[in-house]
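Here the structure is laid out as C-alpha cells; the discussion comes afterwards.
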Amino acid sequence: MDVRRWLIDGVDAVEKWQAGFGPFERHPSLEISEEQFASAFGELTERLRENYPFFHPSYAGQMLKPAHPAAVAGYLAAMLINPNNHALDGGPATARMEKEAVAQLAGMFGLPTHLGHLTTSGTIANLEALYIARELHPGRGIAYSAEAHYTHSRMCGVLGIEGTPVATDAAGRLDLSALDALLAGGRIGTVVATAGTTGLGAIDPVHEVLAVARRHGVRVHVDAAYGGFFTLLAGADGPAGLDEAPWRAIAECDSVVVDPHKHGLQPYGCGAVLFRDPDVGRFYLHDSPYTYFTSDELHLGEISLECSRAGAAAAALWLTFRLLPPTPDGLGRVLAAGRRAALEWAVLIADSGLLELYQPPELDIVAYYPATRERTLSAIDAASARMLAAGMADPERPVYLSTLRITADDFARRHPGIGQDRDGARILRSVLMKPEAETYVGELHARVVRLAGGPGEGLGDGPGDGPGSAPD
Ligand SMILES: Cc1ncc(COP(=O)(O)O)c(C=O)c1O
C-alpha cells in the first residue's frame, strides 16, 4: 500500500466530514505561516535523523520497529478528530472499535468470556492486572519469575503489595518446585507467568504454573506483553510451530496482558489487558460527574484505571486487524517469519566458531556472545560491549544490536566452562521482530561475525553501555 496516498485520503475524508458542520472562523492565535512551519518542521525532520534505523533488518537490537502503514493511516485519520476512548461521549466510534479489537484479542487467546480494554502500555496493563489481584486477595502478595519484566516488582511497590521473585530453571523459565514451595506458605494471592520474557523470550510453562497455583487457591496472571501474539503459532506445522500447552492454558488463567505496540504492528500507546471474569469490573466502580452522559452502555473509562486514552490507537488497531487479523493466516505469518529467522540464525551462530549461542531461541530473540580467546566473563563482557559500539559505528555495513546482562550463576548453568572472574557479563541480544529478518539473516550474520573477528577482539574493556543497552 502507498501510505502517502492513504494519509492524504484520511485528511480529505476528515475535512469532508468537518465541512458538514458549517463554516466558522479559525482563531488567529493558532495561525502559523507556511514559512514558519517549514522552518520548524525542517528542524524536526533533521533531528529525527538521530534515530537508529528501526525499520531496517540491520537493526537487530531491542523490541522496536515502525508501525504498519495501515496502522499509521488509521491512527492519523482518527487523530485528526482526536477522540478520547475514556467514554462513549469522548469517542463513540473508536470506543466501539476498541471493544471489537479487544474481542478479537480475547478470541486469539481462546478466552470464553472477557472484560478488557486497551491501555497506553504493557506497564499500565500489568498495573491493572496487579491492581485487580490486590483487590481480590487483599493482604496477599504477588509472585513472578526472577526473569519477569521489572515492571512487576515496581508496580507491587506502587500498589503496596509484597512482590516475590521466584527462581528460574536453566532455560530462564519459572521454576515449578520453587513456586510450589512458595505458594505452600500461603502468602501469595496471584502468580504472574511470563509468556515470552523480555530478555531471552523464554516461555514460562503457563499450564503447569496454572496447575500448581490452582492447587494452592492462587490466581494466575499472564504477562504476554511481548510474547502474546506468538499464541498464533501454537501447534502450527513447520519449524515456527510452538508447543501448544502453555499457550492454550492462557484461556484458563485469570488475566492476560498483550502489547499490540510490540508484535501487533501498532505505534506506541497500545497495550491491552483482558480478564477472564467480567465481574472484576466491579473493582473499577467510580463516580464521574463529568462524563458518561450519553448512554447506559459500558464506557471504557468505567473499566480502566486510566482516564483519557487515544481513540486513534483503537482506530489503528481495528484497521490493522481488518487487514491482518490476529489469526494464524493473518498476523501469524508475520510472527512465523521472525521466528524462522531466529532459528536459522541460531544454527549459523552455533556453526560460526566466532560466536556462541547463549541458549536456543524460544521465540524471536537470539542471545549470543563472542567466542573470545580468553574464556572468561570479563572478556565476554568487554567484547560484547565493543561489538555493540563497533556495529553502530561501522560506516559501511552497520548493524544495531543490544546487550543483556547475565549473572555469573545464570551463565554457569548454561556454560560451565566460562571463567567466573566477575559477577556477570553482558552478552548480545537481537530481537528479530521484523519479518524481513528472514531473508536478511545471512547478511546479518555476516556483519556480526565480522565484528566478532575484528581487531582487538576480546581485549580490554568495552566502551560501556550504548543505547542498545536500554531496557525494553
Ligand atoms: C514481558 C513484558 N512485560 C511488560 C513490558 C512493559 O511493556 P511497555 O514497555 O509497553 O510498558 C515489556 C516490555 O518490553 C515486556 O517485555
The condition from (1) touching a strand residue (DSSP E or B) at 6+ places or on another chain (Cβ under 6 Å); (2) assigned to a strand (DSSP E or B); (3) of a type outside the set (Lys, Arg); (4) more than 14 Å from Trp247 (Cβ to Cβ) that Gly199 misses is numbered (2)
I'd like the full set of residues that are among the β-branched types (Val, Ile, Thr) and open to solvent by less than 80 Å² (accessible area, probe 1.4 Å), limited to segment 4-55.
Val11, Val14, Thr45
Please list, ordered by first then second residue, the pairs with beta carbon atoms under 6 Å, 6 or more apart or interchain, first in segment 135-148 and in contact (Cβ under 8 Å) with a residue 40 or more places away in the chain and among the β-branched types (Val, Ile, Thr), second open to solvent by 10 Å² or more (accessible area, probe 1.4 Å) and part of a loop (DSSP other than H, G, I, E, B).
Ile142/Ile161
Wholly within segment 90-180, which strands (runs of 3 or more DSSP E) include no fewer than the required count, namely at least 1 residues that are within 13 Å of the ligand (Cβ to nearest atom)?
115-119, 141-145
Among the residues in segment 225-239, are any open to solvent by 10 Å² or more (accessible area, probe 1.4 Å), in a helix (DSSP H, G or I) and of a type in the set (D, E, K, R)?
no
Filter segment 344-390 down to the residues that are in a helix (DSSP H, G or I) and over 15 Å from Val448 (Cα atoms) and list them by number.
Leu377, Ser378, Ala379, Asp381, Ala382
Among the residues of segment 148-162, which ones are surrounded by fewer than 21 Cβ atoms within 10 Å (Cβ to Cβ) and closer than 22 Å to Leu200 by Cα?
Tyr150, Ser153, Arg154
Go through (1) open to solvent by less than 10 Å² (accessible area, probe 1.4 Å); (2) touching a residue at least 60 places away in the same chain (Cβ under 8 Å); (3) over 28 Å from Leu335 (Cα atoms) and name the single condition His221 misses.
(3)
With respect to Ala213, is the statement that it is over 22 Å from the mean Cα position of the chain (by Cα), over 30 Å from Trp345 (Cα atoms), open to solvent by 10 Å² or more (accessible area, probe 1.4 Å) and of a type in the set (A, V, I, L, M, F, W, C) true?
no
So, Leu210, is that one more than 28 Å from Ser430 (Cα to Cα) and either in a helix (DSSP H, G or I) or within 16 Å of the ligand (Cβ to nearest atom) (or both) or not?
yes
Flag if Thr197 is within 22 Å of Leu182 (Cβ to Cβ), buried (at least 23 other Cβ atoms within 10 Å of the Cβ) and polar (S, T, N, Q)
yes
Are any of the residues in segment 33-46 assigned to a loop (DSSP other than H, G, I, E, B), among the hydroxyl-bearing types (Ser, Thr, Tyr) and out of contact with any strand residue (DSSP E or B) (no Cβ under 7 Å at 6 or more places or on another chain)?
yes
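Residues Leu377, Leu404: which one is among the aliphatic types (A, V, I, L, M) and within 24 Å of the chain's Cα centre (by Cα)? Let's see the steps before the verdict.
Numbers: Leu377 fails: within 24 Å of the chain's Cα centre (by Cα).
Going through Leu377, Leu404 in turn, the sole match is Leu404.
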When Gly264 is run through (1) touching a residue at least 60 places away in the same chain (Cβ under 8 Å); (2) away from the ligand (no atom under 11 Å from the Cβ); (3) open to solvent by 20 Å² or more (accessible area, probe 1.4 Å); (4) not aliphatic (A, V, I, L, M), the failure sits at (3)
The condition from (1) in contact with a Ser or Thr (Cβ under 9 Å, 6 or more places away or on another chain); (2) charged (D, E, K, R); (3) open to solvent by 30 Å² or more (accessible area, probe 1.4 Å) that Arg375 misses is numbered (1)
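Yes or no, residue by residue, for (1) under 14 Å from Pro260 (Cα atoms); (2) surrounded by fewer than 21 Cβ atoms within 10 Å (Cβ to Cβ); (3) over 21 Å from the mean Cα position of the chain (by Cα):
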| site | (1), (2), (3) |
| --- | --- |
| Leu64 | yes, yes, no |
| Asn84 | no, yes, yes |
| Gly91 | no, no, yes |
| Leu105 | yes, no, no |
| Gly116 | yes, no, no |
| Leu130 | no, no, no |
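The values are calculated or read from the model by the stated rules, or taken from the named source; none is laboratory data. Here the structure is a predicted model, which is why all the values come from computation and not from measurement. Cβ sites come from the backbone with ideal geometry, for glycine too, and all protein chains shown count toward neighbours. Note: areas computed on protein heavy atoms with side chains; ligands, DNA, RNA excluded. Shrake-Rupley method; radii C 1.70, N 1.55, O 1.52, S 1.80 Å.
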